[in-house]
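Structure first, commentary second.
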Amino acid sequence: MVKKRAAAPRAGAGTLLALIRSGQASTRADLVRLSGFARSTVAQRLDALLRAGLIVPAGDGGSTGGRPPETFVFNRYAGVLLGADIGGSHTRVAVTDLGGHVLAETEADLDVADGPDAVLGWVTDAFGRLLERVGRAPADVHGIGVGVPGPVDTATGLLVSPPIMPDWDGVSVPERLSRALSPGVPKDVPVVVDRDVNIMALGEQKAGGHDHPDMVVVKIGIGIGAGLIVGGRVYRGAQGAAGDLGHLRRGTDEPCRCGNRGCLEATAGGWAIRRRLLERGYDVRTSQDIARLARRGDHETVRLVRQAGRLIGEALADVVGLFNPSHIVVGGNLAEAREPLLAGIREVVYERAQVLASRDLQIVPSTLGHRAGTIGAALLVHEHLYDPDRINAALG
Ligand SMILES: [Zn+2]
């Protein structure tokens, strides 16, 4: 969706905005020093950013008519972003400020197999309710980020042969959402879509304190997936299908919900654990139910979760051998079972991964927990809106 310009970096406003947004710079002197632009250029670009409402003088010292204020901050309150994290069995949505800080959020158990009309219908209704709750008008929405549990062509927002959601094949999430959004949301508002594990990885990287250039963020819930951060950026692969950890073949004969046999998910996913617990007479529906039982110390659940952790660890050991990440961040609803899952993963990864690749490897729980996806979705559209090239093109 973001057009990359071939030209060399320009002395543009977008470059300065990026320095202000990241907190690296707040004064003219910082901006001159860090950008290398001439003082007069910085002054001109700052004026353009102020006029566009993208930055404001810090402390609002400008209204007294005195000296020009010295410090500037990103104008995060000029509007709101909407983020949706559509999972296999659970969907969460949030309204955030323009910097991705959550203002209000809500969630529901929704089966993605119910199809795009049911799921996106709930999402748009929930967006409307949340906007009301925070006292914002639909016209205040600057962008919408959406994560979906399947491969996405990020250029078009089109889902591509998602294994567990056949009704979504070829569905354009931006088109459907734009059509269903409440009247008043500007028609040209960008809707950016990515795989659920990628938005989670972005959330953990930008807002969860896991800012490592090479890491794997694993999402373990009813299904299993992985977001890969390579060289500081989300790695999506040629068709947006990278990180499909749950459907790697692991040599068993168990039928998988994707129609194949022997996938990791078929033995280690939340849905596989749920099936086993149901056979034993437990009353469980969601991966949160399973995590709750494990946290309560239910012996059978702890055993199944730890075993799932080991199986996921085997697959991750292969990933570590191929890709040598510095960190593996473990998230998703089932990760709220905490210790048995992490212990199972650690046990096998450290045993199986090659010594060099695992020597300094850290396997840590998610910092943002269940919010990683919605925050990541908001940050996805934030990055799109304030992409330096885009701002440079708009403001010079
Ligand atoms: Zn499968």
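The values are calculated or read from the model by the stated rules, or taken from the named source; none is laboratory data. Predicted, not measured: the structure shown is a model, and the values here were computed from it. Glycine also receives a Cβ, built like all others from the backbone with ideal geometry; neighbour counts cover every protein chain displayed.
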Flag for Gly332 being buried (at least 19 other Cβ atoms within 10 Å of the Cβ) and on the phi > 0 side of the Ramachandran plot: yes
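For (1) within 24 Å of Asp318 (Cα to Cα); (2) within 16 Å of the ligand (Cβ to nearest atom); (3) modelled with pLDDT of 90 or more; (4) touching a Cys at 6+ places or on another chain (Cβ under 8 Å), each residue gets a yes or a no:
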| site | (1), (2), (3), (4) |
| --- | --- |
| Pro162 | yes, yes, no, no |
| Ser172 | no, no, yes, no |
| Pro186 | no, no, no, no |
| Val193 | no, no, yes, no |
| Gln205 | yes, no, yes, no |
| Val217 | yes, no, yes, no |
Suppose we filter the stretch 28-55 for residues that are surrounded by 15 or more Cβ atoms within 10 Å (Cβ to Cβ) and assigned to a loop (DSSP other than H, G, I, E, B); how many remain? 3
Residues satisfying the stated conditions in the stretch 242-285, i.e. away from the ligand (no atom under 15 Å from the Cβ), in a loop (DSSP other than H, G, I, E, B) and either surrounded by 19 or more Cβ atoms within 10 Å (Cβ to Cβ) or without any contact (Cβ under 8 Å) to a residue 24 or more places away in the chain (or both): Ala242, Arg280, Gly281, Tyr282, Asp283, Val284
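Scan the stretch 98-115 for residues that are of a type outside the set (A, V, I, L, M) and crowded, with 21+ Cβ neighbours inside 10 Å and report the count.
The number of residues fulfilling the criteria is 1.
Of everything in the stretch 180-200 that's part of a loop (DSSP other than H, G, I, E, B) and not aliphatic (A, V, I, L, M), which residue is surrounded by the most Cβ atoms within 10 Å (Cβ to Cβ)?
Only one residue tops the list, namely Pro190.
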Taking the stretch 118-149 only, how many residues are more than 14 Å from Thr91 (Cα to Cα) and in contact with a Lys or Arg (Cβ under 8 Å, 6 or more places away or on another chain)? 0
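Only one residue in Gly321, Gly332, Gly297 is under 21 Å from the mean Cα position of the chain (by Cα) and of a type outside the set (A, V, I, L, M), so which one is that?
Gly332
To keep it simple, each residue is scored yes or no on (1) at pLDDT below 95; (2) closer than 30 Å to Val189 by Cβ; (3) aliphatic (A, V, I, L, M).
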| site | (1), (2), (3) |
| --- | --- |
| His299 | no, no, no |
| Gly309 | no, no, no |
| Arg346 | no, no, no |
| Ala357 | yes, no, yes |
| Ser366 | no, yes, no |
Are there any helices (runs of 4 or more DSSP H) wholly within the stretch 291-396 with 2 or more residues that are farther than 27 Å from Gly147 by Cα, and if so which? 299-323, 339-352, 355-358, 388-395
Enumeration of residues in the stretch 108-153 that are in a strand (DSSP E or B) and touching a residue at least 60 places away in the same chain (Cβ under 8 Å): Val141, His142, Gly143, Ile144, Gly145, Val146, Gly147, Val148, Val152, Asp153
Given (1) buried (at least 17 other Cβ atoms within 10 Å of the Cβ); (2) more than 14 Å from the chain's Cα centre (by Cα); (3) more than 21 Å from Cys263 (Cβ to Cβ), Gly203 misses just (2)
Given (1) crowded, with 23+ Cβ neighbours inside 10 Å; (2) within 14 Å of Val217 (Cβ to Cβ), Ile363 misses just (1)
Hits in the stretch 229-241 (condition: farther than 17 Å from Ala315 by Cβ and either of a type in the set (S, T, N, Q) or within 16 Å of the ligand (Cβ to nearest atom) (or both)): Gln239
For the stretch 90-107, how many residues are small (Gly, Ala, Ser) and either touching a Pro at 6+ places or on another chain (Cβ under 9 Å) or free of Cβ contacts under 8 Å to residues at least 40 places away in the same chain (or both)? 1
May I ask you to verify whether Ala113 is within 16 Å of the ligand (Cβ to nearest atom), hydrophobic (A, V, I, L, M, F, W, C) and more than 26 Å from Leu54 (Cα to Cα)? yes
Inside the stretch 206-238, the number of residues satisfying the requirement of being of a type in the set (Lys, Arg) and surrounded by 24 or more Cβ atoms within 10 Å (Cβ to Cβ) is 1
